[in-house]
Amino acid sequence: SQTIHQWPATLVQPVGSPLSLECTVEGTSNPNLYWYRQAAGRGLQLLFYSVGIGQISSEVPQNLSASRPQDRQFILSSKKLLLSDSGFYLCAWSFLAAGELFFGEGSRLTVL
Amino acid sequence: EDQVTQSPEALRLQEGESSSLNCSYTVSGLRGLFWYRQDPGKGPEFLFTLYSAGEEKEKERLKATLTKKESFLHITAPKPEDSATYLCAVQAGGDKIIFGKGTRLHILP
């Protein structure tokens with residue numbers, strides 16, 4: 001069966017520090033991969049999605065970036081965090097061309 | 001611009017009191033509409049996929065329906081364990097999937 005792992009689960013970072021969140025999927029090949037952010041009262045905001053290695057689509061211009069160095073690995077990064085980057089970050093995967101998303105447990109980021 | 005709007009934002013029901021949650025959407029070329037359940041501090045859990053108007057899906061006390069402009073999630077005789085945030089999402093052309101802000105459902109015992 002397929003599983004998705006996301007880490008770290010919680011982190012507190014100062015403004016201006018770098019960020020790296022990692023997500024890996026097991027038990028499937030060539031998944032679509034997604035990063036969402038959930039802020040209070042704003043619902044799930046799509047940040048990036050990827051349909052293959054090295055292929056990243058960005059939905060929101062901001063100081064975040066994403067990379068997909070391997071088929072089942074998706075990384076969310078920032079060089080300098082802003083206060084507004086605080087939130088609950090969720091990684092998800094789907095089978096190619098299908099829409100059902102399977103989410104990780106999330107990473108809660110607090111920027112101080 | 002593709003858009004998903006859910007209502008109400010929050011709903012409190014007594015145990016056994018049936019109701020419906022609404023999801024209205026504006027997309028060009030709907031490929032699928034999805035319902036998820038999210039418990040506090042957790043990632044959303046997939047419930048249903050609907051592809052075309054008139055389609056219905058059921059799971060325990062939940063039934064999802066779809067028209068050309070909206071979807072409803074009907075909850076029949078809910079129990080306290082049904083308390084959660086219910087999210088609606090749509091997939092238009094391509095691989096982008098857009099979510100609504102969700103409905104927070106609280107079932108009182």
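Read the figures in this text as sums done on the coordinates, not as results from a lab. What you are looking at is a predicted structure, and each value in this text was computed from that prediction instead of being measured. Using ideal geometry, Cβ is built from the backbone for each residue, glycine included, and neighbour counts are taken over all protein chains shown.
With Cβ to Cβ distances under 15 Å as the rule, what net charge do the other residues near B:Leu47 carry (K, R +1; D, E -1)? Net local charge, B:Leu47 excluded: -3. If you take all other residues with their beta carbon under 12 Å from the beta carbon of B:Asn22, and give Lys and Arg +1 and Asp and Glu -1, the sum is -1. In plain terms, if you count all Cα to Cα distances in chain B and split them into 10 Å steps from zero, the share in each step is 15, 50, 29, 6, 0 percent.
The relative contact order of chain B, computed from alpha carbon pairs under 8 Å that lie at least 6 residues apart in sequence, is 37 percent.
Pairs with C-alpha atoms separated by more than 26 Å, drawn from the list B:Lys42/B:Lys101; A:Lys79/B:Lys101; B:Lys59/B:Lys79, are A:Lys79/B:Lys101.
The residues packed around A:Phe88, meaning those with a beta-carbon under 9 Å from its beta-carbon, carry a net charge of +2 if Lys and Arg are +1 and Asp and Glu are -1. Taking θ as phi - 60° and the Karplus parameters 6.51, -1.76 and 1.60, the scalar couplings of the range A:67-83 work out to 9, 10, x, 9, 3, 10, 10, 9, 10, 10, 9, 8, 7, 9, 6, 10, 4 Hz in sequence order, x denoting glycine and proline. The shape of the range A:41-104 comes out oblate: with a ≥ b ≥ c from the C-alpha gyration tensor, a/c is at least 1.5 while a/b does not beat b/c.
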